[in-house]
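K.L.:
Just passing along the structure, written as structure tokens.
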Amino acid sequence: MTVPQLEDEVENLTAVVVVDDSNSVEKPNLKGDWLNFFLLLLLYTMQGIPFGLASAMPIILQSNKNVSYNDQALFSLVAWPDSLKLIWAPLVDSLYVQKMGRRKSWLIPVQYLMGACFIYMASNIDEWLPETRKPDILKLVSVFFFTNFLASTLDIVVDGWSLTMLKKNNVGYASTCNSTGLVMGMMMSYLFFVLLTSEDFSNKYLRISPEKDNRLEDDHVKLNIIQNYSLLWDILKLPSIQILALTLLTARIGFAATDSLAVLKLIDAGVPKENIMVINTTILVVKITVPLVVAKYTSGPKPLNIYLTATTIRLLWNISFVVFIYYTPKLITMNGFVNIPEYYYVLLVFILSIHKILPNIMAVSTLSFFSRISDSRFGGTYMTLLNTLLNLGGAWSSSVAIGMVDVLTFKQCSLDNQNNCSTANLKNMCNTNEGDCVVIVNAYYVETTVCTIFGIVWFCIFRIILKNFQTKGPSYWLVNIRRPSSFSYGLLTGDLKLLVLVPVTVLKYEKTRF
């Protein structure tokens, strides 16, 4: 066998890669990999802090009576960088300083920028988020959008690094680090940003009186920016990726109303936001341990089985939330005053616990599947593509669910059936006559019904597709696969192997002769 000749022009180069097409997975074993495991966990924890701040803001805003659901829909845009990061993921994979390293070139400056954003936020938060008047939604959206942009950039870096930081048989644990670390970071930001800044919480609870190895920098194929975007386009043209994209973009519609509106409706009904945040913080502790418990199942060859099981439970949980929210005003109100009994909080903790834990389990399963099918040579771009599709599915469905609340809510003045309270003038007219604008059609119940029906249809259609995806070998997810001839197959040690061509993105051999 002669040694192949390399062409001089890199941009026209393509490499011949030998890929094991078997679907067998060596048993995971973290011996010798614990330090890398904890480093990855720390990186994801740091990444979760800004996401936690952004996810806490809708609850804080909802307690301000000057904030409308249109304002909430506008603020929901801060989640979009996590869904649009695919746009700049090839840049992160292509541009870096050789002396610093492929990952640290982005990791370090982005962390400094994020710290500067936090300092700027802290010095202006009283002005942007006053207690007695309408918050400055546009400034809040701008600064949280930018911090989420930085956090999403970190996600690109760490996701790509996770594919090579751990041994190949332990790559499934990357999803455990992802889910646990993000929750830990979010818990810290919840605690300090919401609870410790709450006067009621402080008065009630706080005041006495009112080893690294060479896998850390992965061996990769050096690509320029144009080649990375070309690679991205080649991946998107794969039929398997196109089907997976459709699956991910529609997967969260079934839960959109419950995920986006349920907690806000509880606050509207009179449940104090501080109490909900205390419960959420407690649940976050549970969420940290859940990925560790399910890791032995999600790190196996078929992690999506757990995802599908959790999907059915989560769809049923939509109904539980509808019933609970419907009866909440009756359960917490006595003689016209809010007086929440202890048994209500027991029910609330139970329902919110299931509501928070199920998505966490589904996320671990999905990310484990992504880690198995992504090509580690350009893992940042590949993992970001899959995560972007997943996050975009959640972002657009959540924004639509919140934005449609005012459209699907119908009210009527208690003193005038002809007054539908659809404008500020009509509301004032009703209030002037000592009437109330009574909700006759609640958008939450309409949206939850529609979303649940869609979720059931989605499950029936995509269940078999997702199960089949788990049986496919690595070659199913790589670009331009060419099956070897029977002669070359015999030279590849008798195992089931493939010759994989990656066009326009890697190094191209002028010719290969056996």
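K.L.:
Determine whether region 423-444 contains at least one residue that is open to solvent by less than 70 Å² (accessible area, probe 1.4 Å) and touching a Pro at 6+ places or on another chain (Cβ under 7 Å).
P.N.:
no
K.L.:
Check region 354-362 and report whether any residue there is assigned to a helix (DSSP H, G or I) and more than 23 Å from residue 324 (Cβ to Cβ).
P.N.:
Checking region 354-362: not a single residue is assigned to a helix (DSSP H, G or I) and more than 23 Å from residue 324 (Cβ to Cβ).
K.L.:
Considering only residues that are in contact with a helix residue (DSSP H, G or I) (Cβ under 7 Å, 6 or more places away or on another chain) and of a type in the set (Val, Ile, Thr), look in region 286-311 and name the one that is nearest to residue 252 (Cα to Cα).
P.N.:
Narrowing region 286-311 to residues in contact with a helix residue (DSSP H, G or I) (Cβ under 7 Å, 6 or more places away or on another chain): 286-288, 290-292, 294-295, 297-299, 303-304, 306-308, 310-311.
If we keep only those that are of a type in the set (Val, Ile, Thr) too, we end up with 286, 288, 290, 294, 298, 306, 311.
Numbers: 286: 23, 288: 22, 290: 21, 294: 21, 298: 20, 306: 16, 311: 10 Å.
Going through the qualifying residues, I end up with 311.
K.L.:
Go through 144, 118 for me and flag whichever is part of a helix (DSSP H, G or I) and closer than 23 Å to residue 392 by Cβ. Can you show your working first?
P.N.:
Numbers: 118 fails: closer than 23 Å to residue 392 by Cβ.
Every option except 144 fails the conditions.
K.L.:
Still on this structure, I have one more. Give region 313-360 a look and list any residue that's farther than 19 Å from residue 280 by Cα and within 20 Å of the chain's Cα centre (by Cα), or say none.
P.N.:
Within region 313-360, 313, 315 meet the criteria.
K.L.:
Condition test on residue 261, is it part of a helix (DSSP H, G or I), buried (at least 16 other Cβ atoms within 10 Å of the Cβ), on the phi < 0 side of the Ramachandran plot and out of contact with any strand residue (DSSP E or B) (no Cβ under 7 Å at 6 or more places or on another chain)? Full working, then the answer.
P.N.:
Numbers: part of a helix (DSSP H, G or I): yes; buried (at least 16 other Cβ atoms within 10 Å of the Cβ): yes; on the phi < 0 side of the Ramachandran plot: yes; out of contact with any strand residue (DSSP E or B) (no Cβ under 7 Å at 6 or more places or on another chain): yes.
The answer is yes for residue 261.
K.L.:
To continue, here is another question. Within region 290-315, track down each residue that is part of a helix (DSSP H, G or I) and closer than 17 Å to residue 472 by Cα.
P.N.:
At the first step, the residues of region 290-315 found to be part of a helix (DSSP H, G or I) are 290-298, 304-315.
298, 304, 305 - these are the residues of region 290-315 that are part of a helix (DSSP H, G or I) and closer than 17 Å to residue 472 by Cα.
K.L.:
Please go through (1) of a type in the set (A, V, I, L, M, F, W, C); (2) within 19 Å of residue 452 (Cα to Cα); (3) surrounded by fewer than 19 Cβ atoms within 10 Å (Cβ to Cβ) for residue 346 and return the number of the only condition it doesn't satisfy.
P.N.:
(2)
K.L.:
Residue 314: open to solvent by 20 Å² or more (accessible area, probe 1.4 Å) and over 15 Å from residue 354 (Cα atoms), yes or no?
P.N.:
Judged against the criteria, residue 314 is not a match.
K.L.:
Another question, then. Which ranges mark the strands (runs of 3 or more DSSP E) fully within region 402-510 that have 3 or more residues being in contact with a Lys or Arg (Cβ under 7 Å, 6 or more places away or on another chain) and either at pLDDT 75 or above or over 20 Å from residue 241 (Cα atoms) (or both)?
P.N.:
Output list reads 437-441.
K.L.:
Kindly evaluate residue 406 against the criterion of being more than 18 Å from the chain's Cα centre (by Cα), of a type in the set (D, E, K, R) and under 20 Å from residue 450 (Cβ atoms).
P.N.:
It is true that residue 406 is more than 18 Å from the chain's Cα centre (by Cα), of a type in the set (D, E, K, R) and under 20 Å from residue 450 (Cβ atoms).
K.L.:
Within region 371-403, track down each residue that is hydrophobic (A, V, I, L, M, F, W, C) and buried (at least 20 other Cβ atoms within 10 Å of the Cβ).
P.N.:
Residues of region 371-403 hydrophobic (A, V, I, L, M, F, W, C): 373, 378, 383, 385-386, 389-390, 392, 395-396, 400-402.
373, 378, 383, 385, 386, 389, 390, 392, 395, 401, 402, listed by residue number.
Yes or no, residue by residue, for (1) farther than 19 Å from residue 278 by Cα; (2) at pLDDT below 85; (3) aliphatic (A, V, I, L, M):
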{"position": "114", "(1), (2), (3)": "yes, no, yes"}
{"position": "118", "(1), (2), (3)": "yes, no, no"}
{"position": "146", "(1), (2), (3)": "yes, no, no"}
{"position": "195", "(1), (2), (3)": "no, yes, yes"}
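K.L.:
Taking interchain pairs and intrachain pairs at least six residues apart, which have beta carbon atoms under 6 angstrom, with the first residue in region 401-424 and more than 14 Å from residue 442 (Cβ to Cβ) and the second acidic (Asp, Glu) and at pLDDT 80 or above?
P.N.:
As it stands, the answer is 414/436, since those pairs meet every condition given.
The values are calculated or read from the model by the stated rules, or taken from the named source; none is laboratory data. The structure presented is a predicted model; accordingly, all values stated were derived computationally and were not measured. Cβ: placed from backbone, ideal geometry, glycine included. Neighbour counts: every protein chain shown. Areas reflect the complete protein model, heavy atoms only, side chains present, ligands, DNA and RNA absent. Shrake-Rupley method; radii C 1.70, N 1.55, O 1.52, S 1.80 Å.
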